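Chemist: Before I ask anything, let me first share the structure, which is written out below as C-alpha cells.
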Amino acid sequence: MRRLFPWLAVLTILVIAFGTIYAVTQQAQRRDANYPQIQLAQDTAAALNRGDVPLVLVHDSIDMAKSLAPFTIIYNKSGKVVIGSGYLNGKIPQVPIGVLDAANGKPYHAITWQPETKVRIAAVAVAAKDYYVLSGRSLTEVEKNKAHTLQLTLIGGLISVMLFAVVFILSNSGEEIY
C-alpha cells in the first residue's frame with residue numbers, strides 16, 4: 001500500500017485540478033452573464049433618482065423566452081410592476097419581492113431567475129429611492145457554453161487519467177503492487 005499511496009495522491013490531485021478548472025470557468029462564465037445588466041439597472045436607477053419618469057426610461061418589448069437581448073423592469077417599492085421591456089407570455093413577470101429587497105444597501109443584487117420552466121435569466125436588481133430596477137437577459141448561450149466547458153474538462157481529465165494509468169502500468173510492470 002505504501003508504494004501505491006503516491007500514485008493515488010497524484011490521481012486525486014488530477015481529479016481535483018480538473019474539477020477546479022471546470023468550477024472556476026463555469027463561475028466566471030456565469031458572473032460575466034451579469035453584464036450589461038449591472039450597467040443598465042444602475043443607470044436606470046440613477047435616472048429615476050434624478051427624477052426621470054419610468055415611462056421615459058424603458059423601451060422595446062423583449063420576449064424573455066426567445067430573445068437574448070437585455071431587458072429592464074421597474075417595480076415600485078411594494079414590488080409591483082410599474083413598467084418594463086421584458087415580457088413572458090405577453091405579460092411582464094413578477095419577481096419575488098425578496099429579490100428586490102436584497103438590493104437595498106448594496107450596489108446591486110445578482111441572481112439567476114427562472115420565471116417559468118426552461119426560461120432562466122441572469123438578473124440584477126438595483127434599489128432606487130422610490131423604485132427597484134431589475135435588468136436581465138437569457139442564460140441560454142451561457143448554459144450552452146457551460147455544457148461545452150464541462151465536455152472539454154471531462155475529455156481533458158479522462159485523457160490525463162488514461163496517460164497517468166499508462167505511466168503507472170509501465171513503471172510498475174513486472175512488480176506486484178500491494
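Chemist: Pull up the cross-link candidates among the aspartates and glutamates for K106, meaning alpha carbon to alpha carbon under 15 Å and not fewer than 8 places away within one chain.
Modeler: Correct list for K106: D43.
Chemist: Moving on. Pop the C-beta distance of L4 and E143 into the FRET formula with R0 = 30 Å and round what comes out to the nearest 0.05. Intermediate values should be presented prior to the final figure.
Modeler: Numbers: r = 40 Å, r/R0 = 1.34.
Once rounded, the FRET efficiency stands at 0.15.
Chemist: List the relative contact order of the chain as a percent without decimals, with contacts defined as Cα pairs under 8 Å and 6+ residues apart. Walk me through the numbers before you get to the answer.
Modeler: On the way: 257 pairs, mean separation 49.4, N = 178.
Reported relative contact order: 28 percent.
Chemist: Sequence gap at least 6, Cα distance under 8 Å: using those rules, report the relative contact order of the range 91-178 to the nearest whole percent. Could you put the intermediate results ahead of the total?
Modeler: Details: 73 pairs, mean separation 15.0, N = 88.
It rounds to 17 percent for the range 91-178.
Chemist: Which order do the peptides 44-52, 68-76 take when ranked by the mean count of other beta-carbon atoms within 10 Å per residue, highest first? Write down the numbers at each step before the final one.
Modeler: Working: 44-52: 15.3, 68-76: 20.2.
Result, highest mean first: 68-76, 44-52.
Chemist: For the range 22-133, what is the charge dipole size about the Cα centre, in debye to the nearest 20, if Lys and Arg each add +1 at the Cβ and Asp and Glu each add -1 at the Cβ? Intermediate results must be reported in sequence, preceding the final value.
Modeler: Values: 11 positive and 8 negative charges, 44 e Å.
Computed about the Cα centre, the dipole is about 220 debye.
Chemist: How large is the helix-only mean residue ellipticity at 222 nm for the chain, computed as the sum of -39500 (n - 2.57) over DSSP H runs with n ≥ 4, divided by its residue count, in deg cm²/dmol to the nearest 500?
Modeler: Numbers: 5 runs with 82 residues, N = 178.
Roughly -15500 deg cm²/dmol at 222 nm, from the helical runs in the chain.
Chemist: How would you rank 127-133, 108-114, 77-83, 96-102, highest first, on the average number of other Cβ atoms within 10 Å across their residues? Mind showing how you got there, number by number?
Modeler: Details: 127-133: 20.6, 108-114: 18.1, 77-83: 14.0, 96-102: 15.6.
Result, highest mean Cβ count within 10 Å first: 127-133, 108-114, 96-102, 77-83.
Chemist: Run the quick spin-label model on L11 and Q27: label points 7 Å from Cα toward the beta carbon, then report their separation in nm to one decimal.
Modeler: So the two model labels end up 2.8 nm from each other.
Chemist: Let me ask another. Quick one: check the C-alpha center-to-center distance for the range 142-162 versus the range 1-78, whole angstrom.
Modeler: Here the two parts' Cα centres lie 20 Å apart.
Chemist: Another question about this same structure. Among the trypsin sites (Lys or Arg not before Pro) in the range 1-49, which ones are in a DSSP loop with at most 12 other Cβ atoms within 10 Å of the Cβ? Mind listing them?
Modeler: Details: sites: R2, R3, R30, R31; in loops: R2, R3.
Filter output for the range 1-49: R2, R3.
Chemist: Now for a different question. Looking at L57, N76, P36, which one has the Cα that reaches farthest to the positive end of the dipole of the range 1-107 (charges on Cβ: Lys, Arg +1; Asp, Glu -1)?
Modeler: P36
Chemist: Also, I was wondering about something else. Loop sites only, by DSSP: take the GluC sites (Glu not before Pro) in the chain that have at most 15 other C-beta atoms within 10 Å and name the longest stretch containing none of them.
Modeler: Working: sites that count: E175, E176.
My reading of the result: 1-174 is the longest stretch.
Chemist: Pull up the cross-link candidates among the aspartates and glutamates for K77, meaning alpha carbon to alpha carbon under 17 Å and not fewer than 8 places away within one chain.
Modeler: Excluding near neighbours in sequence, the set is D52, D101, D130.
We did not get these values from a lab; they are worked out from the coordinates using the rules stated. Since the model is a prediction, treat every value here as computed from it, not as a measurement. Every residue, glycine among them, receives a Cβ derived from its backbone with ideal geometry; neighbour counts consider all protein chains shown.
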